[in-house]
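To start, the structure itself, in structure tokens.
Please treat every number below as a calculation from the coordinates, not as lab data. No experiment lies behind these values; they were computed from the predicted model shown. Note that we place each Cβ from the backbone using ideal geometry, even for glycine, and neighbour counts take in every protein chain shown.
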Amino acid sequence: MRKIKHNNLFGYALSKRQGIITIKIGKKINKLSVSYYWARKKYWPELERKALKKIKGKSILDIGAGTGRHAIYLKDYNLATIEKSPILYNILRKCKLNPFLIDITKEKPPKKYENILLLDNNIGLTNRTKDLLKKLKELLTVNGQLIIVANNVDKTKTVKIN
Amino acid sequence: MKNYYQNIKWTYINKTDLIKLLITLGYKIDYLESTNKGYLIVAKN
């Protein structure tokens with residue numbers, strides 16, 4: 001396996017649109033097709049498609065928005081996205097997905113939202129889950145909702161994007 | 001096909017532990033669906 005030194009290789013790899021990325025979730029090593037992160041809605045895991053149907057209200061914050069594959073379908077809402085990778089932030093900005101370039105574990109956006117999305121295992125962005133959930137509670141409006149999807153990713157996923 | 005490797009460590013938290021944590025923090029579980037492919041949780045403030 002070729003190792004590439006890059007201070008944010010995940011963002012770099014995703015921006016290339018093809019290849020295989022290896023990540024570790026818990027104790028499992030997972031190989032994922034980069035194309036998975038660009039997949040259109042019909043190729044998403046079923047739970048992610050259902051998650052978007054659970055949105056109520058008008059404002060949404062998509063945390064760890066990545067390539068914007070979810071957010072791109074939410075443009076009709078008052079949408080904001082968060083990404084800590086400058087490369088991915090630029091992709092989100094070009095797609096007009098109202099991104100904040102911040103690390104949610106260290107900073108937070110200035111306003112509250114009716115929906116906060118933590119899709120595609122982003123609940124595991126930090127090992128300080130409790131602190132993250134406390135912070136997100138402060139970012140939710142009264143009766144706002146946190147929508148979480150965690151996928152089992154112990155198999156290589158290859159997804160067509162065309 | 002190019003392989004990218006980075007020691008990205010995502011924390012794995014199982015559904016049961018996450019639900020307990022959410023409830024402890026004052027969230028209300030509004031919807032839960034669990035399959036062999038993963039889980040979906042909607043937790044209200």
Each residue of the range A:86-102 in turn: what ³J(HN,Hα) in whole Hz from Karplus with 6.51, -1.76, 1.60 and θ = phi - 60°, glycine and Pro shown as x? x, 5, 6, 4, 5, 5, 5, 5, 5, 7, 6, 9, 6, x, 10, 8, 9
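Take every residue in peptide A:140-147, count the Cβ atoms of other chains within 10 Å of its Cβ, and give the average of those counts. Display every interim value, and only then the final one.
Working: counts 4, 1, 2, 4, 3, 9, 8, 6.
Taking all residues of A:140-147 together, the mean is 5.
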Would you compute, from DSSP H runs of 4+ residues alone, the mean residue ellipticity of the protein assembly as shown at 222 nm, taking -39500 (n - 2.57) per run and dividing by the full residue count, rounded to the nearest 500? -6000 deg cm²/dmol
As a quick test, which of the pairs A:K28/A:K50; A:K16/A:K56; A:K56/A:K130; A:K31/A:K130; A:K50/A:K84 have an alpha carbon distance above 32 angstrom in this structure? A:K16/A:K56
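Order by neighbour count: A:I123, B:I23, fewest other Cβ atoms within 10 Å first, most last.
Fewest-to-most ranking of A:I123, B:I23: B:I23, A:I123.
Return A:T67, A:T81 ranked ascending by Cβ neighbour count within 10 Å, so the fewest neighbours appear first. Could the numbers behind the result be given before it?
Details: A:T67 23, A:T81 27.
Ascending number of Cβ neighbours within 10 Å: A:T67, A:T81.
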Residues whose modelled amide H sits under 5 Å from the amide H of A:L79, counting only those 5 or more places away in sequence or on another chain, are A:I60
Tell me whether the range A:38-162 comes out rounded, prolate or oblate; compute the Cα gyration tensor, take square roots of the eigenvalues as a ≥ b ≥ c, and use a/c under 1.5 as the rounded threshold. rounded
Between A:K111 and B:T16, what FRET efficiency follows from the Cβ-Cβ distance if R0 is 35 Å, with the result rounded to 0.05? 0.60
What residues qualify as long-range amide H neighbours of A:L140, i.e. H under 5 Å apart, gap of 5 or more or another chain, H built at 1.01 Å from N? A:Y113
